[in-house]
1. Compute the length gained on full extension between GLU34 and ASP62: take 0.36 nm times their separation in residues and subtract their Cα-Cα distance, giving the result in nm to one decimal.
2. Enumerate the amide H contacts of CYS89 below 5 Å, restricted to partners 5 or more residues apart or on another chain; note that Pro and chain-start residues carry no placed amide H.
Amino acid sequence: ICGSEREPVILSVAQFRPEKDHPLQLKAFARLLELLDKAPLDDGHAQKNLKLVLLGACRGPDDQARIDALKKLSVELGVQSRVEFVLNCPFAELQRWLGRASVGLHTMWNEHFGIGVVEFIAAGVVPVAHATAGPKQDIVVPTVEEDPDKGKG
């Protein structure tokens, strides 16, 4: 799940807006933990320490209400002890999280571009992104070796 310098952290970087689909992230994380309990991948260290970090801006009362609902959902799913919310952090803290995380999670459907996915790639974090729009069409594209007709140099 993680390289030698990386930690067993799944990182989401997004504003707390409905279209970013943070509830899906929590549900997917809960399901992943269930699956890992049934089929361990390693000595169990990464699995026991795996956590989801939701990092983003809280812009006002509507965002705060969404965050509160997400915290409640994490309790309902039984994953609250393995989910961390990082709100309105300075850029240096974002950089530290990008340096620690192993996986970057981006769940917005039909994202215009998806700069967060590019940030994950640039930081050496393995991105897991919704296979629509920008992430699919502009960021994760075939290479010349994969498809000489469609690839990009």
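1. Details: separation 28, 0.36 × 28 = 10.08 nm, distance 3.13 nm.
Between GLU34 and ASP62, full extension yields an extra 6.9 nm.
2. It is GLY56, by chain and number.
Just so you know, all these numbers are worked out from the coordinates, no wet-lab data involved. Keep in mind the model is a prediction, meaning the values are calculated, not measured.
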